[in-house]
Amino acid sequence: MSLFVSEAELVPGQAMVGLHSGQMKTLFVYGNEANMMIATRFAGYHSKPHRHTPEQLNYVLEGELWIFIEEEGWHLKKGDFLRIPGNALHWAWNRGTGPCTMAQVHAPVLFPDARKGALGLFDEKETPQVRKSPPQETIDMDVSEIERRVFERKGVKY
């Protein structure tokens, strides 16, 4: 165990949500109260709606991505931040031509046990007391009408 890890030492994971299409690669580290995930969503990535108890803070490092929360949507680009409240229904769609890489923080920790490559950053003398969330819930619903309305309001072709 260590408080430090290099990206080269991490095992990449993947999307833990249901997908309409596309792929996502993740790097995931956590402490007792929060986790950080670097998530790369490739062109065509379109997740199904889902919710989880942790709130989620997002920062776009590269690329662009649409994120929908309940009935609203935002077109995020490099340098943008977005907060997703805990238990809010949300999903993402990379309609661009390249990947979108984001730094994401979840608090409490977003169920690390089932996540490939998740690594706790703890000192050797420390006893981890991780405050974990329950698994997220994927909602099987058609969100195309919500997406269409959002794009129409924002002057974007659906």
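Any read-out appearing in this document is the output of simple, stated calculations on the displayed coordinates, not a laboratory observation. Treat the numbers as computed from the prediction; the structure is a model and nothing was measured. Neighbour counts are summed over all protein chains in view; Cβ atoms, including those assigned to glycine, are modelled from backbone coordinates with ideal geometry.
Annotations
- Residues that are out of contact with any Phe, Trp or Tyr (no Cβ under 8 Å at 6 or more places or on another chain) and farther than 22 Å from Pro112 by Cβ, drawn from region 33-59: Phe42, Ala43, Gly44
- Region 3-17 residues that are surrounded by 13 or more Cβ atoms within 10 Å (Cβ to Cβ), paired with ones that are among the small types (Gly, Ala, Ser) and outside any helix (DSSP H, G or I) (beta carbon under 8 Å, 6 or more apart): Leu10/Gly117; Pro12/Gly117; Gly13/Gly117; Gly13/Ala118; Ala15/Ser47; Val17/Ser47
- Here His75 passes the criteria (1) over 13 Å from the mean Cα position of the chain (by Cα); (2) farther than 28 Å from Arg148 by Cβ; (3) touching a residue at least 60 places away in the same chain (Cβ under 8 Å) except the one numbered (2).
- Every listed requirement among (1) of a type in the set (Phe, Trp, Tyr); (2) over 17 Å from Leu65 (Cβ atoms); (3) under 14 Å from the mean Cα position of the chain (by Cα) is met by Phe42 save one, (2).
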